[in-house]
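Colleague: After the structure tokens below, expect a handful of questions from me.
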Amino acid sequence: MERTQHTPGPLRYEQSQHHAQIYLIDYAAKDPKNAPHYAAMGEVRTTEADARRLVACWNACQGISTETLEGGVLAEMRAVLAEAECWMREYGIQNNDDGAMGMFADLRAVLAKLKG
């Protein structure tokens, strides 16, 4: 692997008495929960909250290139979903379309989660 590429695979964290450690999981193992793990790019010691957030973001972005993430694709995705939500709502109301209104409700719920 080139030094310019990130290490592939999911992460997990473990909380010790004083800090959290973030590990790269050996995803080739048969049982990932009990798989051998090793520190990604050295041992990372941080707070549990930061470790949980980093692990969640890393794992959620699997398959998206770093360049795409740096380019703002997540903000673009939120904007497109918000626009689709508005369009779906108007379409559903104008056409009395239960399917469109159901999709509108789903989009609204996802956007609410993204807004935190």
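Colleague: All but one of (1) farther than 23 Å from residue 115 by Cβ; (2) surrounded by 13 or more Cβ atoms within 10 Å (Cβ to Cβ) hold for residue 63; state the number of the condition that does not hold.
Modeller: Going through (1) farther than 23 Å from residue 115 by Cβ; (2) surrounded by 13 or more Cβ atoms within 10 Å (Cβ to Cβ) one by one, residue 63 breaks only (2).
Colleague: Do any residues in segment 98-110 that are at negative phi have Cβ atoms under 7 Å from those of residues that are hydroxyl-bearing (Ser, Thr, Tyr) and assigned to a helix (DSSP H, G or I), where the two are at least six apart or on different chains, and which pairs are they?
Modeller: Short answer, once both residue conditions are applied: 100/91.
Colleague: If you check residue 52 against the conditions, is it out of contact with any Phe, Trp or Tyr (no Cβ under 6 Å at 6 or more places or on another chain), of a type outside the set (Phe, Trp, Tyr) and at pLDDT 80 or above? Spell out the reasoning first.
Modeller: Working: out of contact with any Phe, Trp or Tyr (no Cβ under 6 Å at 6 or more places or on another chain): yes; of a type outside the set (Phe, Trp, Tyr): yes; at pLDDT 80 or above: yes.
Answer is yes for this residue.
Colleague: While we're looking at this one, here's another question. Mind checking which residues of segment 66-77 are over 21 Å from residue 115 (Cα atoms) and surrounded by fewer than 11 Cβ atoms within 10 Å (Cβ to Cβ)?
Modeller: 67
The values are calculated or read from the model by the stated rules, or taken from the named source; none is laboratory data. All figures in this text were calculated on a predicted structure; none of them were measured in a lab. Don't worry about glycine lacking a Cβ; one is built from the backbone with ideal geometry, like all the others, and counts go over all protein chains shown.
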